[in-house]
Amino acid sequence: MVRPDKRPRTDQVITFTNADYDGVQTPHDDAMVVTLTVAKFDDKRVLIDNGSSVNIMFYDIFEKMKLGTGRLKPIDSPLYGFSGERAHVEGTIELPGTVGIAPRQSTIMVRFLIVKLPYAYNVIIGSPSLNFLGAVVSTPHLKMKFPTNSGVGEIRGDQKVARQCYLTALKPKANENMHIEVQDVRDSAPDQRGKLGDKLTPIQLFSNDQSKVVYIGSLLEGNARSQLEDFLRS
């Protein structure tokens, strides 16, 4: 059984320097996606979200962990997304979560809301757990640091996984009538980034159905454009 640590020390100085950029592809707009050990399962699709007031585990990964719905505690409060939609919460569960590499690691009990929704990430760690850890997140460095009894621990965001999650979130479902506008200029020249008023190019997803179309920015060119088109049509 994993024994949670006591509340970590908070008298350690946490700083970020240029050395923390090592291994980071810059410039970037990537989310902070890390590996977290939850109840002895290593999960690589964990989103660190300071703006979330709750910790969330999505039902697909909950089932794969075979924890059993009998361990869930009922909850009456609904969960609302950023666009106002209501999500059904299956229940709550407390599980040990471990971050960092021994000896500079920390294990705490994390209260998760189990939500049955399709999502690009498996888990979202919000401000309650980040605050308990005393964690400091630097999105430019894609690194999170936190105090431990052996010094300052840290974990690095995985840009490859973050971009895979980003593309998964963009991909429409085949059985839906989609008409969305998507413009990704991450791989464009620096002086072109952020110009959202440029022309959009339609991409037909299915050769036998002209109603299912997405639009991508005309600034996205070359190999990045081809990869995005292939992914959307797959």
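Can you confirm whether L67 is in the same structural domain as R45 (by TED's automatic domain parsing), surrounded by 12 or more Cβ atoms within 10 Å (Cβ to Cβ), over 15 Å from the mean Cα position of the chain (by Cα) and not in a strand (DSSP E or B)? Give the derivation first.
Working: in the same structural domain as R45 (by TED's automatic domain parsing): yes; surrounded by 12 or more Cβ atoms within 10 Å (Cβ to Cβ): yes; over 15 Å from the mean Cα position of the chain (by Cα): yes; not in a strand (DSSP E or B): yes.
Against the criterion (in the same structural domain as R45 (by TED's automatic domain parsing), surrounded by 12 or more Cβ atoms within 10 Å (Cβ to Cβ), over 15 Å from the mean Cα position of the chain (by Cα) and not in a strand (DSSP E or B)), L67 qualifies.
How about segment 115-131: which of its residues are part of a helix (DSSP H, G or I), surrounded by fewer than 16 Cβ atoms within 10 Å (Cβ to Cβ) and either touching a residue at least 24 places away in the same chain (Cβ under 8 Å) or not assigned by TED's automatic domain parsing to the domain that holds K40 (or both)?
S127, P128
Okay, residues lined up against (1) under 18 Å from V115 (Cα atoms); (2) in contact (Cβ under 8 Å) with a residue 40 or more places away in the chain:
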{"residue": "D22", "(1), (2)": "no, no"}
{"residue": "D30", "(1), (2)": "no, yes"}
{"residue": "I48", "(1), (2)": "yes, yes"}
{"residue": "I61", "(1), (2)": "yes, yes"}
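Identify, from the list R86, R104, the residue that is out of contact with any helix residue (DSSP H, G or I) (no Cβ under 8 Å at 6 or more places or on another chain) and without any contact (Cβ under 8 Å) to a residue 40 or more places away in the chain.
The unique qualifying residue is R86.
Looking only at segment 83-103, filter to residues that are surrounded by fewer than 17 Cβ atoms within 10 Å (Cβ to Cβ) and in contact with a Gly (Cβ under 9 Å, 6 or more places away or on another chain); which one of those is modelled with the lowest pLDDT?
My answer is A87.
Can you tell me which residue in segment 26-50 is farthest from S127 (Cα to Cα), limited to those that are among the acidic types (D, E) and in a loop (DSSP other than H, G, I, E, B)?
Selected residue: D29.
Go through segment 135-173 residue by residue and tally those that are assigned to a strand (DSSP E or B), touching a Leu at 6+ places or on another chain (Cβ under 8 Å) and among the charged types (D, E, K, R).
Count: 1.
Please go through segment 51-64 and pick out each residue that is crowded, with 16+ Cβ neighbours inside 10 Å and assigned to a loop (DSSP other than H, G, I, E, B).
Hits for segment 51-64 are S52, V54.
Select, from F112, F146, F62, the only residue that is assigned by TED's automatic domain parsing to the domain that holds K40, closer than 21 Å to Q12 by Cβ and aromatic (F, W, Y).
Details: F112 fails: closer than 21 Å to Q12 by Cβ; F62 fails: closer than 21 Å to Q12 by Cβ.
Selected residue: F146, the only one of F112, F146, F62 that is assigned by TED's automatic domain parsing to the domain that holds K40, closer than 21 Å to Q12 by Cβ and aromatic (F, W, Y).
The values are calculated or read from the model by the stated rules, or taken from the named source; none is laboratory data. In this text, all values refer to a predicted model and were calculated from it rather than measured experimentally. Don't worry about glycine lacking a Cβ; one is built from the backbone with ideal geometry, like all the others, and counts go over all protein chains shown.
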